[in-house]
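The values are calculated or read from the model by the stated rules, or taken from the named source; none is laboratory data. Only a predicted model underlies this, so the values are computations on that prediction, with no experimental measurement involved. Here Cβ is always computed from backbone atoms with ideal geometry, including for glycine, and neighbour counts include all displayed protein chains.
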Amino acid sequence: MQARLNPPALTRSATISVSMEALNTLEDWLAHCERLHPTTIEMGLERVRTVAQRMAIRFECPVITVAGTNGKGSTCAMLESILGQAGYRTGLFTSPHLVHFEERLRLMGQSVDAANLVAGFAAVERARVRNDEVISLSYFEFSMLAIFEVMVRSNLDVVILEVGLGGRLDSTNIIDADCAIITSIDLDHTELLGPDRESIGYEKAGIMRTGRPVIVSDPLPPQSVLDRALEVGADLWRVGQDFNVSGDQLQWGWAGRGRRYSGLAYPALRGANQLVNAAGVLAALAALRERLPVTAQAVRNGLAFVELPGRFQIIPGQPTLVLDVAHNPHSVSALAANLDAMGYFPTTHAVFGVMADKDVALMLAKVSPLMDRWYFTDLPLERAARGADLLARWRAQNTRKDTTASTFVDPVQALQAAVAAADPADRIVVFGSFHTVGGVLAQGVPRLLAKHLNS
C-alpha cells in the first residue's frame, strides 16, 4: 500500500510542531486519529508494521492472541483473571470499549490512566511522520500502536491481545503469538472476511505460528482452520480431542495433555457458552505451563472472580436488567438460550440498537419469541441502523399480536421508557451492539427501582 504524503507546501518540521503542540489530552489524540485516515477499517499489515518497526515495538514476555467471532472478550478476561491470581503482571489489549477508551488497555487488571496513553500516542506520531514519508494509519492502527507502546514500557509478565477483526490481516497480527486461541467461528463481517465459515475460518487462522500452540475451542471448526494448522506446522489443540470438559449442575472438570482439573466452580461469567471459553483458556495455560506456570488455586480463584461488563450481565433490581453486547446472529442465539434458562418473567422488554450491516432479520427471528415489548434505538454512528428502520424490519416479520414496539433517539431514552412501562417482576434486556450497552452504562451501572418503590 502507498503511504499518503502531506501537501508539499507544508514542511516536515511544521507538520510535526503544529500537530504535537495541539495534542495534549487523550480526547485530542483520539480526534486526531479519526481525522487521519479516510476509512475506519483498512485490512493489511504493511503500514502498521512499518511504524511498529520504527518504534521498536517488541514484547519480551509471552504473548497470547485471541481470535474468533464470539467469545474473545470472555476468553481474554478469564486469561487475565487467572494469570493475575497467579501473581503475573498482565497486560490486556481489547476492543471496542463500552464507555471509556481507557478500557482498551488493562494493566494488572485495571484500566490504564489516560495520561499514560497520551505519551504512547505521541510516540506513534513521531514514528509515523519521519523524514519525507508520512504513513497513514487508521484509528484502530494508531490507537493500537499507542497501547502497545505503553505495554512495552510496563514491565509485563504476559501480554494478551484480542484480535479486532479477522486475524490474518488484523493489526494485532504484527506480533507473533506464543499461543493462539481461536474461539467460536460464525458469520459476521462477511463483506471483509468472506461469505461463509470456511472463508472466515481461514482469516482467523492467520494468527497461527509454526511450532507454537493454537487452541481451537470451537467444537466444530471450519476445515480451513485445521488445514491452516497443518500447513504452517502449528501445535494444534482441539476441544474434544486434545482437551475435554465434563460436569454436572454443581461443578465441572477439565482434562488435557498432562493436566487435569476437577471440582471446578462454574465461571463467574454467566451463560452456558462460557464453559467452552473457559475450556480453551485452560488449554492455553496448559500449553504455556513451562513459561507461565499457574496453580490450581489460581485457576479456581481466577474463574470465580472474573468480571466482564456487558456479557450476559444480570443487574439485580426491579425489574431485572440484562446487558449483553450480542451483535450478530450467533451471539444473539446464545443470548436467547441464556434468557430462556433464566426462568419465568411476565413480560420481557427489549432495548435494541445495531449496526446496519448486520443480519438484522435473523437476529430478530432468534429472540422474537422471548420479547414482548420492543424499544428500537438510534445509535451515534453513521453506520448504525436507524431505530425507524429496525421497527420497519421487525414489523415485516412479526407474527405476534400481543407485542408492541416504539423508537427512540438513544439507548438511555429507550431504557427509561422500558423502565416506565415495566412491572417489578418483568425483565429488560439491552443488546445489539457495544454502543447500545455502552450507551446505558455511560453514567454508571443502572440500578432499577420499580414504580411502586419510588412512590
#### Entry: Positions within the range 245-272 being at pLDDT below 90 and assigned to a strand (DSSP E or B), in sequence order
GLY247
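I'd like to know if the range 355-369 contains one or more residues that are hydroxyl-bearing (Ser, Thr, Tyr) and without any contact (Cβ under 8 Å) to a residue 12 or more places away in the chain. Spell out how you get there, then give the answer.
To start, the set of residues in the range 355-369 that are hydroxyl-bearing (Ser, Thr, Tyr) comprises 368.
In the following step, the residues that additionally are without any contact (Cβ under 8 Å) to a residue 12 or more places away in the chain were identified as none.
No, there is no match, as no residue in the range 355-369 is hydroxyl-bearing (Ser, Thr, Tyr) and without any contact (Cβ under 8 Å) to a residue 12 or more places away in the chain.
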### Message
Cβ-Cβ distance below 7 Å, separation of 6 or more or different chains: which pairs start in the range 124-144 with a residue that is over 15 Å from GLU34 (Cβ atoms) and end on one that is among the charged types (D, E, K, R) and part of a loop (DSSP other than H, G, I, E, B)?
### Response
VAL134/ARG4
### Message
I need a count of the residues in the range 86-114 that are within 24 Å of MET20 (Cβ to Cβ), among the aliphatic types (A, V, I, L, M) and in contact (Cβ under 8 Å) with a residue 60 or more places away in the chain.
### Response
1
### Summary
Of the residues in the range 116-131 that are touching a helix residue (DSSP H, G or I) at 6+ places or on another chain (Cβ under 6 Å) and not hydrophobic (A, V, I, L, M, F, W, C), the one that is nearest to GLU102 (Cα to Cα) is ASN116
## Note on the structure
Filtering helices (runs of 4 or more DSSP H) wholly in the range 136-242 for at least 1 residues that are closer than 24 Å to ASN328 by Cα and either among the aromatic types (Phe, Trp, Tyr) or not assigned by TED's automatic domain parsing to the domain that holds ARG47 (or both) gives 139-152, 197-204
#### Entry: Filter pass, GLY343 being among the small types (Gly, Ala, Ser), in contact with a helix residue (DSSP H, G or I) (Cβ under 8 Å, 6 or more places away or on another chain) and at positive phi
no
### ALA337 vs. criteria farther than 23 Å from GLN413 by Cα and among the hydrophobic types (A, V, I, L, M, F, W, C)
yes
#### Entry: Residue tally, condition at pLDDT 95 or above and closer than 20 Å to PRO346 by Cα, over the range 426-455
6
### Summary
Selection from the range 353-411 of residues of a type in the set (D, E, K, R) and closer than 14 Å to VAL430 by Cα yields ASP372, ARG373, ASP378, ASP410
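So how many residues does the range 262-300 have that are over 22 Å from ASP178 (Cβ atoms) and either in contact with a strand residue (DSSP E or B) (Cβ under 9 Å, 6 or more places away or on another chain) or buried (at least 19 other Cβ atoms within 10 Å of the Cβ) (or both)? Please lay out each step first, then the result.
Filtering the range 262-300 for residues over 22 Å from ASP178 (Cβ atoms) gives 262-276, 296-297, 300.
Subsequent filtering for residues that are either in contact with a strand residue (DSSP E or B) (Cβ under 9 Å, 6 or more places away or on another chain) or buried (at least 19 other Cβ atoms within 10 Å of the Cβ) (or both) retains 262-267, 269-271, 273-276, 296, 300.
Going through the range 262-300 one residue at a time, the tally reaches 15.
Inspect the range 302-322 for any residue being outside any loop (DSSP other than H, G, I, E, B) and acidic (Asp, Glu) and give the result as yes or no.
Of all residues in the range 302-322, those outside any loop (DSSP other than H, G, I, E, B) come to 302-305, 313-315, 320-322.
Now drop any that are not acidic (Asp, Glu), which leaves none.
No: zero hits.
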### Query
PRO219 fails exactly one of the following numbered conditions: (1) crowded, with 23+ Cβ neighbours inside 10 Å; (2) under 22 Å from GLY256 (Cα atoms). What is the number of that condition?
(1)
### Task
Looking only at the range 52-62, decide whether some residue is crowded, with 21+ Cβ neighbours inside 10 Å, in contact (Cβ under 8 Å) with a residue 12 or more places away in the chain, in contact with a Cys (Cβ under 6 Å, 6 or more places away or on another chain) and of a type outside the set (S, T, N, Q).
no
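Report yes if some residue within the range 106-114 is within 14 Å of the chain's Cα centre (by Cα), surrounded by fewer than 21 Cβ atoms within 10 Å (Cβ to Cβ) and within 25 Å of LEU323 (Cβ to Cβ); otherwise report no. Steps first, answer last, please.
Residues of the range 106-114 within 14 Å of the chain's Cα centre (by Cα): 106.
Adding the requirement that they be surrounded by fewer than 21 Cβ atoms within 10 Å (Cβ to Cβ) leaves 106.
Next, from what is left, pick out any that are within 25 Å of LEU323 (Cβ to Cβ): 106.
Within the range 106-114, one or more residues are within 14 Å of the chain's Cα centre (by Cα), surrounded by fewer than 21 Cβ atoms within 10 Å (Cβ to Cβ) and within 25 Å of LEU323 (Cβ to Cβ).
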### Query
Within the range 273-292, is there a residue that is farther than 28 Å from GLY164 by Cβ and modelled with pLDDT of 95 or more?
yes
### Query
Among the residues of the range 392-412, is any out of contact with any Ser or Thr (no Cβ under 7 Å at 6 or more places or on another chain) and in contact (Cβ under 8 Å) with a residue 60 or more places away in the chain?
no
## Note on the structure
GLU307 meets each of (1) modelled with pLDDT under 95; (2) within 14 Å of VAL66 (Cβ to Cβ) with one exception, condition (2)
